[in-house]
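Here's the structure we're looking at; comments come further down.
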Amino acid sequence: MPDTSVTRTRPYSAVLSFPPLVELSFGRYFPSTAVLGGFLSSRGVASHQWDLNEEFALHLLKPEHLRAAGEGRMAGIEGDFVAEMSGVAGRWLTHHRDRLFDAEGRHAFASVTGPAYLLTALARPYLIDPEPQWLSDPALLDSDRTLVYRTYFDSLDLASRLPADTALFGISLPMGPQLVPGLILAREIKRVRPDIRVVLGGPTLSLMDEDLVTILLNEHRQVDAVVRYDGELPLAALCEQAAPGGTWQPTTVAGVSARTEEHGVVHAAPGPGLHPNALPHAEYDPRLLDRLVDAELGIVQARGCYWGKCDYCDFVEQYDGSPAYRGRSVKSFVAEIEHQVATHGVRQFELITESIPPAFSRRFSQEVLARGLDISWSSFAMVDRRFDEETLELMARAGCAFLVVGMETTNTRVLKLVHKSADREENLRFIRDAHRAGVNLRINLIPDLPSTTLDEAVEALRDVSSLADHVEQFSIFPFEATRSSEVGRNPEKFGLVVAENASGLANQAQYALNHLGNIDPAMTDEERGRVHRMYQDFAIRHGSGRMRETGSEFLSGLPGKGDRFRLAVDHLDLLPRGRELLVTHVVRRERTVLPAAVAAGLAPWLDGSVCTLRELTEVYGETPARAVLAALIESRLLTAASDTMVAA
């Protein structure tokens, strides 16, 4: 690390920004800027954190955007979205936007139940998973596809918002769909403040091929430097160089790529990153925390993965230049939790780790109980035989709210091929033991890991279905071969045939620049599509019972002739589709198509007016009226009008 000490002529600061679009982080505080801010503070550098992703959610909730979305018009995107979930979100939220906020105006965007998922649906059409041309052709930043981001950044009045003493503007890009908005943001910063150094960093850059980083820096001159892999030390050094009186020589800093006059783009080799025990406490901005309902803080537990052998995973590639795994001590970890509780009063924590080690889990849980810490926490985990029932019970007592488990499949042959730790029996044992111990599981499944056959995928689904009542949630992902993983480097070892233009269920990682096009002959496209539909249907059915509100306000039994009821219009989106009516139940997250004859008969009551079985009988006849009513009740589309009855 070069000597970057200089004589300061005036104070300076850095801005650390988290741009859109990470729709699953709405209502959450992504920890990257807090971790970097804490480190800069320890080096005497003031910083300001901007969660522009959260503010983008507010931009989407503006009345004019909701109205346009409800009419099927998404900013800058061709097509009619009126029947898509983004259209449902626009129409329903136009009238019920307040449901996404609590009484104090705090954001309830991350709620598992309720209508928060509509905000995600509203944002999803704007995801841009950039292909290489987005790097090579800067003109694309002004295409219709980016209109929503350009309009949003214009609304921020960046010239007034930037602190006068800003010397460096950092853009944190953990996710691929942030890259294009991040480049637009960088351009806008340079437009209003050309004196500021703009630096990009995060996993999106760490996993990017070096040749693509070169293209990015050559074509997007608004970016002064790119930091890859561990960011704390390089960022601090770049801040020193960007400060008043400093000398801008970014390629003298380990892990930094930048343009030079003599040699073009230079990529400095990465140096070793800090051990997590050496990191200062993350600095969460109280202003950003205070606007969230039930805020959760991320605490670094490790960098890298203690297992580190899964051939399809590239998260372990993010720390080049450092040891493959750097695990934090329980003492240091608990000290930060106590600090954050004392500072912010927050008691919900997420462990920042690729997979929590069983030994750490035991010691951490024992320490939490010994200190009487009243907290809840969650973590990623993998199935490991050392997570025995005793350890899992200890974790539950220590406040473990849930574990997110990358189980992927129960097929032993496939698990061994990709070097997962567990086999079929161990996976099923883990589910049973966690259930008995009281640890909630959210299990991720990949039905088409390399070489998986149709029969193997169906058998694995049968396995997890048999224990579905032991699991809180299932999430289904298509397999994606990434260039930076072992599968991507040696696809033939896993039965894959490289085919850059291959179609299929790809890009679940939302990072096309790292995607390896391939064909897996173990299943046909039709079989693969069928398998994914089976898995998705299973996850939806399971989630309907466990993760969705049902609501006691919805009628569940056939009313008498004089009972008053009405359509639960406050919870429904009603969209005419020809003579039919497409009904979306916002609470239950289900869609029902009412046939033309049924829709026409219900016309007098589509505004939520009170109705009785007697009135329906007059429209349909007695037997059809009961059939219509039964179908509406089955779909939970009705609610009681009051506790009173009219005379039969």
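All of the numbers you see were taken from the coordinates with simple rules; none came from a lab. Everything quoted here is computed from the prediction, not taken from an experiment. Cβ: placed from backbone, ideal geometry, glycine included. Neighbour counts: every protein chain shown.
Structure notes:
- Between S42 and S376, the FRET efficiency estimated from the beta carbon spacing at R0 = 25 angstrom works out to 0.35.
- Proximity of backbone amide H atoms, modeled 1.01 Å from N, is registered between M407 and N444 at under 5 Å, excluding neighbours fewer than 5 places apart on the same chain.
- Stretched out straight at 0.36 nm per residue, the stretch from Q348 to E459 would grow longer than its current Cα-Cα span by 36.2 nm.
- Cα gyration tensor category, rounded, prolate or oblate, for the stretch 563-645 with a/c compared to 1.5: oblate
- Between the alpha-carbon centres of the stretch 359-399 and the stretch 10-70 there is a gap of 31 Å.
- Considering only the chain, percent of DSSP beta bridges that pair antiparallel, nearest 5: 45
- Summarising the amide proton neighbourhood of Y306: residues at separation of 5 or more, or on other chains, whose placed amide H is nearer than 5 Å comprise S355.
- Modelled label positions at T151 and S329, each set 7 Å beyond Cα in the direction of Cβ, lie 5.4 nm from each other.
- Chain lengthening between V192 and L127 when straightened (0.36 nm per residue, less Cα-Cα): 20.8 nm
- The stretch between R397 and K62, if pulled fully straight at 0.36 nm per residue, gains 116.3 nm over its current Cα-Cα span.
- Taking amide H atoms as placed 1.01 Å from N in the peptide plane, the amide H of L572 lies under 5 Å from those of V586, each 5 or more residues away in sequence or on another chain.
- Here A468 and L558 are evaluated by their C-beta separation; at R0 = 30 Å the FRET efficiency comes out at 0.50.
- Across the stretch 97-208, C-alpha contacts under 8 Å between residues 6 or more apart give a mean separation that, scaled by the residue count, equals a relative contact order of 23 percent.
- All other residues whose Cβ lies under 15 angstrom from that of V265 are scored, Lys and Arg at +1 and Asp and Glu at -1, for a net of -4.
- Cα gyration tensor shape of the stretch 296-546, rounded if a/c is under 1.5, else prolate or oblate by comparing a/b with b/c: prolate
- Model label points for E590 and H267, set 7 angstrom from Cα along the Cα-to-Cβ axis, are 5.2 nm apart.
- Applying the Karplus relation 6.51 cos²θ - 1.76 cosθ + 1.60 with θ = phi - 60° to the stretch 566-576 yields 3J(HN,Hα) values of 7, 5, 7, 4, 5, 10, 10, 10, 10, 10, x Hz, where x marks Gly and Pro.
- Based on every Cα atom in the stretch 272-413, Rg and the maximum pairwise Cα distance Dmax equal 15.7, 50 Å.
- Cα gyration tensor category, rounded, prolate or oblate, for the chain with a/c compared to 1.5: prolate
- Residue-count net charge about R424 - beta-carbon cut-off 10 Å; Lys, Arg +1, Asp, Glu -1: -3
- Cα-based Lys proximity count in the chain, under 26 Å, for pairs eight or more positions apart or on separate chains: 5
- Euclidean distance of C-alpha centroids, the stretch 623-640 and the stretch 223-273, integer Å: 66
- Residues Y149, Y117, Y325 arranged by fewest to most Cβ contacts within 10 Å: Y325, Y117, Y149
- The chain - mean residue ellipticity at 222 nm from DSSP helices (-39,500 (n - 2.57) per run, n ≥ 4, rounded to 500): -10500 deg cm²/dmol
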